[in-house]
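The values are calculated or read from the model by the stated rules, or taken from the named source; none is laboratory data. All figures in this text were calculated on a predicted structure; none of them were measured in a lab. Glycine gets a Cβ as well: all are built from the backbone with ideal geometry, and neighbour counts include every protein chain shown.
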Amino acid sequence: MPDTAPLMIVAGAVLILLLIQQWLLQIGKRLETDRLAAKAATPRGKPLINGLSVMGLDDRGISSLRALMKEADSVALATFLAFNRPTVQELDAYLQCLFEQFHNAADAVTAASLPTPPAGMRIDALSPTERNLLLHRDPRQARHIDRALMARFGGHAFLAHFTLYNARETGVTLHVPPFDADRLLFETLAKSGIASRGRQIPLQQRLSVLKMQELRQMSKDLKLTQKFTRKADAIEALSQKPGAAVLLSMQYVIDDLFMLNPLDVDPHAIEQEWAWLVACAKLLGSIPPRRAALS
């Protein structure tokens, strides 16, 4: 009977070599995956300060961002972030980490329980409301505030103009005389189409600026026999009379009348996004000057 022991040894050796080969292939794939991940994690932006890199800005923009961070003016810095849309990579990763870890947190999260921000930023520089906004807002969600919207609100005067807009009711005629403190703001909004002015406002809406007593007098002047008890009814009837516009212009200069138009974006969504940008700006402005050195 032939001795099969040598064949068994050879077969075992071949099997072992095949297993080793498979193991080495798996290790190679794992190393390649790790290498690609490490390459992807390598900052691709330009140095901003020590510990922070930025994408989407040229050298001049980076210098402006550094200056605003040193001034720690959260409104000016938030305006810059909204207008230029830079990506501060380490801050972006930190905000994403906060959202993923805490957006479902049932209890209030204190500053001490949050991860330490990069580059010496201080999370305790934010109010509890601002911290909660960072925790519950996905930083990668669609943004509403961009250059086009800001341009409609006067560019870098966005905050003042949007605050005025958000505080007033749309679709209501307002009398804003030249000496009014908000006159220039209304004129800016009218130029960009956010407000209508003068004859751009339909006559029915223009008549709403009148008081009930003034509407009754106009009705009398135009020989209407109806007796009005509701302002809406008086406006509706008078708007059908050609002479109403003339009589109105005798009481109010037509170019002093403005009406805010509704936006195609929810103003509350813009307000929340602006608050989020201010919180981000406060984080960037919280870096101690000694840490804010160039990389």
Hits in segment 85-120 - residues which are over 21 Å from the mean Cα position of the chain (by Cα) and aliphatic (A, V, I, L, M): Ala105, Ala106, Ala108, Val109, Ala111, Ala112, Leu114, Ala119
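Residues are listed down the side, and each one gets a yes or a no for (1) exposed (fewer than 15 other Cβ atoms within 10 Å of the Cβ); (2) basic (Lys, Arg):
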residue	(1), (2)
Ala108	yes, no
Asn132	no, no
Arg137	no, yes
Pro177	yes, no
Leu185	no, no
Lys191	yes, yes
Can you name the residue in segment 58-84 that is closer than 20 Å to Trp276 by Cβ and in a loop (DSSP other than H, G, I, E, B) and is also nearest to the chain's Cα centre (by Cα) among such residues? Asp73
Extreme residue, nearest to Phe80 (Cα to Cα), among residues of segment 126-150 that are of a type outside the set (A, V, I, L, M) and in a helix (DSSP H, G or I): Arg147
Within segment 179-186, is even one residue over 25 Å from Leu77 (Cβ atoms), touching a helix residue (DSSP H, G or I) at 6+ places or on another chain (Cβ under 7 Å), in the same structural domain as Ala244 (by TED's automatic domain parsing) and at pLDDT below 95? yes
Condition set small (Gly, Ala, Ser) and not in a helix (DSSP H, G or I), scope segment 207-240, selection nearest to the chain's Cα centre (by Cα): answer is Ser208
